[in-house]
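The structure under discussion appears below in the form of structure tokens.
The values are calculated or read from the model by the stated rules, or taken from the named source; none is laboratory data. Quantities reported herein were computed from a predicted structural model and do not represent experimental measurements. Every residue, glycine as well, gets a Cβ built from its backbone with ideal geometry; the counts of neighbours run over all protein chains shown.
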Amino acid sequence: MHKELIYTLYERFWHWFQAVMILTLLLTGFSVHYSGSAGIIPFATAVRLHNVVGWLLVINAFLGFFYYLTTGTLRQLIPEPREWHILAWRQLRYYLYGMFHAEPHPLQRSRQRRLNPLQQITYLAILNILLPVQVVTGVALWFMQYSPKLIHLVGGIGNLAAVHMLGAWFFAAFVLAHIYLATTGPTPWAHFVTMITGYEVVEGPSGSDPLPVQQNETT
Amino acid sequence: MGTTKRNWVRRVLERSAVWAAVLPLIMLSSDRCMAIAEVAQSQRQENLTEITHRPVRLLDANGQNVIASGQPVSAERTCGACHDAQYISNHCYHADLGIRRWFRPGQSERAAHAWDYTSGGVGGWTPFFYQRLSPPGESKPDLGLADWLRTYGFRYVGGRLGQFGFGDQLLTKRDGHSPEQAATPNDTPAGGPQVEKSGPDAMASSSPGSQSELTWDPDLISTLSGNQPMRWDWGSSGTLEMNCFLCHLHSPDNASRIEEIKAGRFAWAVTATLASTGAVVRKGTQWEYNKQAFDQRGAVVAQAFRIERPTAEQCGQCHGKVVSAHEQLSCLEISWSDWSTLTKGQIFSPQRISDSELNIAGKETLVRPWDIHAASLLDCRHCHFSLDNPALFEPPARGRPKHLRFEPRRLSFAEYLERPSHQFAKGDTAQGKIAPEFTGTMRTCRDCHDATAAHEWLPFRAVHLARLECETCHIPAVYAPALEAIDWSAPANGQPFLEWRGVTSSNSTNVPLITGFRPVILPRKAVDGELRLGPYNLVRASYWVESGASPRPVRLRDLEAILSGVSHNTGHNRSESSVVFSTNQQTRSLQPHYSTTEIAGRLKNAGVSSPEYTVEIWPFGIHHGVAPARLAIRQCETCHSSSSLLGQSFSLGKVQDDDKSREARIVSSSGIPQAYSLQISSSTQNPVLILTPTPEKAGFYILGKSRHNWVDWLGFLAMVGIVLAIMVHTSFRIVPYLSSVRSICRQD
């Protein structure tokens, strides 16, 4: 057992910064959408904050993309083409059965392999579909203040708002699931602590390879 | 170098001296500004009417001075001595009311109703002027031209329609009379001109269900003069020529003019308008000229005879209440001629609302003028100017070469004064379609105000300016009563049942409390083809239509004939005058108390074919009563919230027939899309028709208000699913944990 650095300082900063911004966007976005009923931030403030934070998120996303691309960390998002379905099934089985019977986690995390197969496919979908959709529709909604007529080219503000709102709901659902699944570590707080300190307690000697497949799960 | 320095020093010293002198003045001026403005306002009338007009010789139709002839004044001959009166009359939609281009009913797709025969004006029927001037050839005619003038001429300035009717020949000529034989004060009977039985070419009968035997000629036949249609004697009555004095005289006597028109003494209408000048005096039913008011050359020298440019007061005689700075607004009486007050609650006045003596709720806080433009010394003509006025003319953007910044081809002032077009610049109203060729020629808010510069604080400015009319935010409320519903389905004493919004009747006193109202915001296609949200008052109109091949509203006389046994709820009858609302008394019209089935049955028995109870909604765009900028709507939540103003429900009065009311539509010619829903609210004792705007149906999406319900439901279900999954998963995680804890405890 030893402590291993899973997340660098920048990665942790990036994560928490992105988390704060996503939560702020959700809060302000829902305040705009449900203004006067469930909105808790005044409309004008919510719109301004939403626009500013939205742009910060876009900038942070591009910085993150640049970082993950240049450090090669981006590879961790790409699923293993051959055994992904096996690994994904094991992960799913662990979530639905194994963890209730005190089975060990199918994936031992390390700095080189931080994401389980289900995380990989989820983050890929979010980074390649949901986030771009939100950014494009959000920027289009923002841009209409300069050219209201151009908005008609993309189906009108109503259609844009519908897609943006649906994306927001999915983001909210993702955040909820993400936070819950973060409690499925060795202890409910383990993953939170890791994302704050960067270190995680890993079995085996320092520098050993992760154990992607457990012996007893081959059958 | 030294000289330069000395110059610089001298300039600084000079400027310091100037500032030293100016600064105290600036400090004082802040207090003085209001006083100066008030003085300017009080002197407004005098300043504007200082323009002196040359002495006027009043001429009769033969060109003789009326002092000598004793004949009625002819404005056409009197003013025509210097101005091209013929040209003016022929270039004035106020004078022809669209009659020059009338069409057979049902032949225009732009018409609001199948029975309309002009695009607006006289042939564009509205429930506010229920009785129709029936066009030539119509079976079961309603009013002839003389009848129509007597009934509705109080809002008509005279001219083309009143002189030529549907044809091109002067009515007095068509009748076999010449203008020389026009009625004189001495031979005009008190009850109006002599009417002759029209003989064999008269209508056979005008009783319900009867058909005309011969072709109906509205120019010659009167249906109101007796039990039978009769030929109208234009030679005796004279025609209703364009009354220049009604708009250009400082204090025209409109009441006397209306009296003459109602009596059918059309030729004397112009003369009666001069009663307030002292140049003419009423003697019984006749008029005599006051020779002391004329000089030796026969020109009027009376002090009160002041010719001037039309001010808002003159326009207000037919278009709505105008209260000048000097007039105390102690009582508000609304009559049928107060069109904009009646339909929109408009009062054009520079006075502060708080200064009026009206019983207005929260009046002490309304320290603002009734209309900011009136307070800024603007008159109607500043925006609705004569289209060839060289000082105000601007070529319309439509069809104008983009490179053309200035149009030099305009009249000289001399040319303009000789032949001033009386085609006035007009907007594009939802309720009126007269002279569509001039639609959008008027000066709008954006022609004077730079909205972009004035709204730097406004987020998403371009969107707001593109999708909203200025009035939406700048007329947040109306502080006078306006019609809510007009019901002609069972008229009492020839009058409809009226309901008012913006006013509540007080039980403790006999004085109504004016609460005002917030206009409903609806989308409408503007002149440039763009849909914009603007403020409206809506009036529900109910009436009977005689459907069939030639549908038309059931004639008032037919309705009155079958309604003799119909009871009306008790209430004060309206007064004998044309006042339909007064703040001095409870003026409630009689509420019909009947079933539509019962009335329909009676109409059928009386020969009205397929009577159909019709309910429609008339929109009236609110463009006046603009508030100062500080009182404009600025709070985002006013529109961007679940309780958005843009979705605010609007009452349309008590309903008689639920199904028909639900089917009601805003009149199609208004350009307002059907972006609204109608419900019947039964929360009160009487069911009320409620209209709720749904701008989303017209392509608007208002953040904070608009919803895609399927998106919200899908998102909500996704969240619920995630929460349920977490709860189930958590419980499965906790159970083994608790079991292990229990077993450890047992082992201990």
Inter-residue pairs, beta-carbon under 9 Å, first at negative phi and in contact (Cβ under 8 Å) with a residue 60 or more places away in the chain and in region A:24-46, second among the hydroxyl-bearing types (S, T, Y) and surrounded by fewer than 21 Cβ atoms within 10 Å (Cβ to Cβ), 6+ apart: none
Sole exception among (1) within 9 Å of chain B (Cβ to nearest Cβ); (2) at pLDDT 85 or above for A:I151, by number: (2)
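Restricting to region B:608-627, and then to whatever is small (G, A, S) and assigned to a loop (DSSP other than H, G, I, E, B), can you tell me which residue is farthest from the other protein chains (Cβ to nearest Cβ)?
B:S609
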Matching residues, region B:149-169, being among the β-branched types (V, I, T) and in a helix (DSSP H, G or I): B:T151
Pair list, Cβ under 7 Å, 6 or more apart: region A:74-103 residue under 23 Å from B:H729 (Cα atoms), other residue among the charged types (D, E, K, R): A:L87/A:E80; A:R90/A:E217; A:Y94/A:E103; A:M99/B:R733; A:F100/B:R733
Selected residue (only one of B:A627, B:A675, B:A664 is farther than 14 Å from B:L538 by Cβ, among the small types (G, A, S) and crowded, with 16+ Cβ neighbours inside 10 Å): B:A627
Extreme residue, nearest to A:G138 (Cα to Cα), among residues of region A:12-35 that are surrounded by 19 or more Cβ atoms within 10 Å (Cβ to Cβ) and touching a Ser or Thr at 6+ places or on another chain (Cβ under 9 Å): A:T28
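If I go through region A:154-169 residue by residue, how many of them are in contact (Cβ under 8 Å) with a residue 12 or more places away in the chain and more than 9 Å from every other protein chain (Cβ to nearest Cβ)? Outline the logic, then answer.
In the first step, residues of region A:154-169 are kept if they are in contact (Cβ under 8 Å) with a residue 12 or more places away in the chain; the result is A:154, A:157, A:160-161, A:163-165, A:167-168.
Add one more test, that the residue is more than 9 Å from every other protein chain (Cβ to nearest Cβ), and what stays is A:154, A:164, A:167.
Residues meeting the conditions: 3.
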Failed item in (1) within 14 Å of another protein chain (Cβ to nearest Cβ); (2) within 30 Å of the chain's Cα centre (by Cα), with B:R630 passing the rest: (1)
B:V655 touching an Asp or Glu at 6+ places or on another chain (Cβ under 8 Å), surrounded by 14 or more Cβ atoms within 10 Å (Cβ to Cβ), of a type in the set (A, V, I, L, M) and closer than 20 Å to B:W618 by Cβ: no
All helices (runs of 4 or more DSSP H) inside region B:65-119 with 1 or more residues being farther than 26 Å from B:P436 by Cα and not aliphatic (A, V, I, L, M): B:66-69, B:75-80
Selected residue [of a type in the set (D, E), under 22 Å from the mean Cα position of the chain (by Cα) and surrounded by fewer than 19 Cβ atoms within 10 Å (Cβ to Cβ)] from B:E456, B:E484, B:E437, B:E407: B:E437
Single residue of region A:20-48 satisfying the filter (of a type in the set (A, V, I, L, M) and away from chain B (no Cβ under 12 Å)) that is nearest to A:I126 (Cα to Cα): A:I22
Count of region B:453-494 residues which are free of Cβ contacts under 8 Å to residues at least 40 places away in the same chain and among the acidic types (D, E): 1
Options B:G124, B:G106: the member that is under 24 Å from B:T343 (Cβ atoms), small (G, A, S) and either outside the structural domain of B:Q228 (by TED's automatic domain parsing) or at pLDDT below 95 (or both): B:G124
Residues being assigned to a helix (DSSP H, G or I) and either under 23 Å from B:F128 (Cβ atoms) or charged (D, E, K, R) (or both) - total across region B:327-355: 7
Complete set of residues in region B:518-568 that are touching a helix residue (DSSP H, G or I) at 6+ places or on another chain (Cβ under 9 Å) and without any contact (Cβ under 8 Å) to a residue 60 or more places away in the chain: B:V554, B:G565
Residue within region B:206-213 that is out of contact with any Lys or Arg (no Cβ under 9 Å at 6 or more places or on another chain) and at pLDDT 90 or above present: no
Residue selected from region B:702-730 under the condition over 30 Å from B:F460 (Cα atoms) and of a type in the set (G, A, S), by the criterion nearest to the other protein chains (Cβ to nearest Cβ): B:A718
Qualifying residue in region B:687-696 (condition: over 22 Å from B:V478 (Cβ atoms), within 14 Å of another protein chain (Cβ to nearest Cβ) and not small (G, A, S)): yes
Pair list, Cβ < 6 Å and 6+ apart or interchain, from region B:687-707 residues that are at positive phi to residues that are in a loop (DSSP other than H, G, I, E, B) and among the polar types (S, T, N, Q): B:G704/A:S35; B:G704/B:S641
Conditions (1) among the aliphatic types (A, V, I, L, M); (2) touching a His at 6+ places or on another chain (Cβ under 8 Å); (3) more than 9 Å from chain B (Cβ to nearest Cβ): number failed by A:L131: (2)
